[in-house]
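Take a look at the structure below.
The values are calculated or read from the model by the stated rules, or taken from the named source; none is laboratory data. Quick caveat, the model's predicted, so the values are computed rather than measured. Don't worry about glycine lacking a Cβ; one is built from the backbone with ideal geometry, like all the others, and counts go over all protein chains shown.
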Amino acid sequence: MKIIYLGTIIELIRGDITKITADAIVNAANSSLAGGGGVDGAIHRAAGRVIAEQCRKIVKKQGGCKTGEAVYTDAGNLDAKYIIHTVGPIYRVAASDETQLSSAYTNSLMLAKKLGARTIAFPSISTGIYRFPIKKASLIALKAIKRFVEENRETFKKITLVLFSEYDFNIYKMAVATVFDS
Ligand code: APR
C-alpha cells in the first residue's frame, strides 16, 4: 500500500529488504557494526564481504555507531547505492527508548539526504531481537518519517518500509492510518 504525503510516496511492502531497489537501504545494526542475525545478517549475506570490511574501518575510525545514530557503507551486491547502518534501542521500557528509536529513523533520513539519495527503504528497526513492541514502534517510525517529510520537502521521492511478516505489515498499515489521517 502507499500514500503520497507532501509529494513523497510513503510505501509499505511485505517482503525481504535485500530484494528491494532503493538508493539507500537501512540496516538494523548493533553498536559494534559486527553483523548479527535478523535483517542485519540477511543484509550482510546478500551484500557481500565488502560491507563487513567497511564496517570494521568505521569501527576503527570512530569506535562504532551509538544507539540512535547512523553510518553508511557501499551496498555491495544489493540493488542500492548505500547501506545506512543505524542502531535502534534494545527495549527496556524506558522513555529514552522512544527518543532513540525516533532518532534512528531521523538520523538515517538525514544521512541519506546528505548522500543525495531520493529513495530509501527501512526495515522495522528494533522490533526483532531488540524486542521493541511493534505497535508502539510503528507509530514512532511513521511519526519520525512524517516530521522529516514536513521539514525536508521534496527531498525523497519515495520512503519504503519493508515488513517481513503479514502481521507486521498489518500493524504498520494501521499506523499509517493513525499518523497520516490525523
Ligand atoms: N527483510 C526485512 N525485514 C527483516 C528481514 C529481511 N530480510 N529479516 C528480518 N527482518 C525483520 C524482523 O522480522 C523484524 O521485524 O526486521 C525486523 C527487525 O528485527 P531484527 O533484525 O532482529 O533487528 P532489531 O530488533 O533492531 O535487533 C538488532 O539484531 O541482528 C541483530 O546485529 C543486530 O544486534 C542487532 C540486533
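Here are some notes:
- Search result, residues across region 149-172 that are in a strand (DSSP E or B) and surrounded by fewer than 20 Cβ atoms within 10 Å (Cβ to Cβ): LYS158
- Residues of region 119-143 classified as assigned to a loop (DSSP other than H, G, I, E, B) and of a type in the set (A, V, I, L, M), total: 2
- When region 1-30 is filtered for residues that are in contact with a strand residue (DSSP E or B) (Cβ under 8 Å, 6 or more places away or on another chain), over 18 Å from SER165 (Cα atoms) and surrounded by 14 or more Cβ atoms within 10 Å (Cβ to Cβ), the ones remaining, listed by number, are THR8, ILE9, ILE10, ALA22, ASP23, ALA24, ILE25, ALA29.
- Hey, LYS146 of a type outside the set (Gly, Ala, Ser), surrounded by fewer than 17 Cβ atoms within 10 Å (Cβ to Cβ) and in a helix (DSSP H, G or I) or not: no
- Test for ALA95: is it of a type in the set (Gly, Ala, Ser), more than 19 Å from GLY15 (Cβ to Cβ) and more than 16 Å from the ligand (Cβ to nearest atom): yes
- Some residue of region 42-55 being in contact with a helix residue (DSSP H, G or I) (Cβ under 6 Å, 6 or more places away or on another chain) and among the polar types (S, T, N, Q): no
- Scanning region 31-67 for residues being of a type in the set (Val, Ile, Thr), within 12 Å of the ligand (Cβ to nearest atom) and surrounded by fewer than 16 Cβ atoms within 10 Å (Cβ to Cβ) gives a total of 0.
- From THR119, THR86, residue being within 22 Å of ASP16 (Cα to Cα) and either surrounded by fewer than 17 Cβ atoms within 10 Å (Cβ to Cβ) or near the ligand (Cβ under 10 Å from one of its atoms) (or both): THR86
- Hits in region 53-87 (condition: of a type in the set (Lys, Arg) and not in a helix (DSSP H, G or I)): LYS66, LYS81
- Checked against (1) of a type outside the set (D, E, K, R); (2) under 16 Å from ASP23 (Cβ atoms); (3) surrounded by 20 or more Cβ atoms within 10 Å (Cβ to Cβ); (4) within 16 Å of the ligand (Cβ to nearest atom), GLY76 passes all but condition (3).
- Checking each residue of region 105-113 against the condition of being in a helix (DSSP H, G or I), at pLDDT below 95, under 22 Å from LYS135 (Cα atoms) and not small (Gly, Ala, Ser) gives no match.
- If you go through region 101-116 and pick out every residue that is within 9 Å of the ligand (Cβ to nearest atom) and either closer than 22 Å to ILE4 by Cα or acidic (Asp, Glu) (or both), you end up with 0.
- Qualifying residue in region 16-29 (condition: more than 10 Å from the ligand (Cβ to nearest atom), part of a strand (DSSP E or B) and among the polar types (S, T, N, Q)): no
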